[in-house]
1. I'm checking my understanding of the structure. Among residues of the range 110-169 that are more than 17 Å from the chain's Cα centre (by Cα) and of a type in the set (Asp, Glu), which one is surrounded by the most Cβ atoms within 10 Å (Cβ to Cβ)?
2. State all residues of the range 202-221 that are assigned to a helix (DSSP H, G or I) and of a type in the set (Ser, Thr, Tyr); if no residue qualifies, say none.
3. Quick one: residue 241 ticks every box in (1) modelled with pLDDT of 95 or more; (2) closer than 30 Å to residue 76 by Cα bar one, so which box is it?
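The values are calculated or read from the model by the stated rules, or taken from the named source; none is laboratory data. This one's a predicted model, so the numbers in the text were calculated from it and none came from an experiment. Here the Cβ positions follow ideal geometry from the backbone for every residue, glycine too, while neighbour counts run over all protein chains shown.
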Amino acid sequence: MFFDALLIGWLALGVIVFFALLFVPAPYGRHIRAGWGRQIPSRIGWVVMEAPAVIVFAAFYFFGSHSAPAVGTVFFAIWLLHYVHRAFIFPFRKRGGSKPMPVLMVLFGFTFNIINGYLQGYYLFTLADPYFLTWLLDPRFLVGILIFSSGFVINIHSDNILFLLRGEAQNGYKIPMKGLFKWVSAPNYLGEILEWSGWAVATWSPAGAAFAFWTAANLVPRAISNHRWYRQTFPLYPRERKILVPFVF
């Protein structure tokens with residue numbers, strides 16, 4: 001079956017991406033560097049990368065074989081909560097100008113969101129059996145929503161701290177000292193990993209599990225790179241601060 005083959009290949013590619021990013025940080029943001037081809041403003045790049053996640057998932061919601069039940073609408077709302085913000089709000093809240101982003105990175109992100117949107121949308125609204133209304137009281141759904149909501153709040157709050165910090169330092173980076181940044185270098189990434197781990201539990205689906213895995217495969221190496229960058233850039237960077245999980249890692 002095409003879906004099963006794609007899912008297996010997608011997971012295998014995620015393993016490769018994880019190890020590649022441990023050695024070669026993705027060239028955007030603080031890790032932007034020459035040698036990656038033509039660049040465009042990052043605000044445009046973010047919209048182009050993230051918009052397909054909204055469009056593809058919405059297409060399956062509206063035209064899938066069983067998209068009407070209430071539980072599907074709840075999943076759709078959760079998805080939009082993250083991706084409308086990520087595609088159409090987040091890029092325009094960034095301060096300090098729109099840094100360049102390689103077109104190649106935009107193409108990578110664009111492709112990822114098309115494939116991931118297909119896997120999530122096709123599974124939930126066509127392939128899987130419809131979720132009955134009682135699913136909204138199932139412990140898996142309730143725990144998943146709690147994890148997702150916690151991650152969303154952490155993600156947005158951490159982004160807000162970085163936005164305000166950037167506004168205070170138009171000419172460069174500063175050490176964030178508020179919120180979960182007191183304990184880890186990348187709480188925004190921790191929040192996003194929690195979001196999609198919660199999604200995997202709430203949907204109880206192989207597609208959701210694959211998304212959670214890909215999120216970690218992408219963001220754990222990014223968190224490590226950011227932590228290393230902070231330590232190399234700021235001699236007084238707090239030595240006790242962990243990378244991603246307070247007091248642990």
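1. My answer is 138.
2. Going through the range 202-221, the residues assigned to a helix (DSSP H, G or I) turn out to be 202-203, 206-221.
Within the range 202-221, 203, 215 meet the criteria.
3. Condition (2) is where residue 241 drops out.
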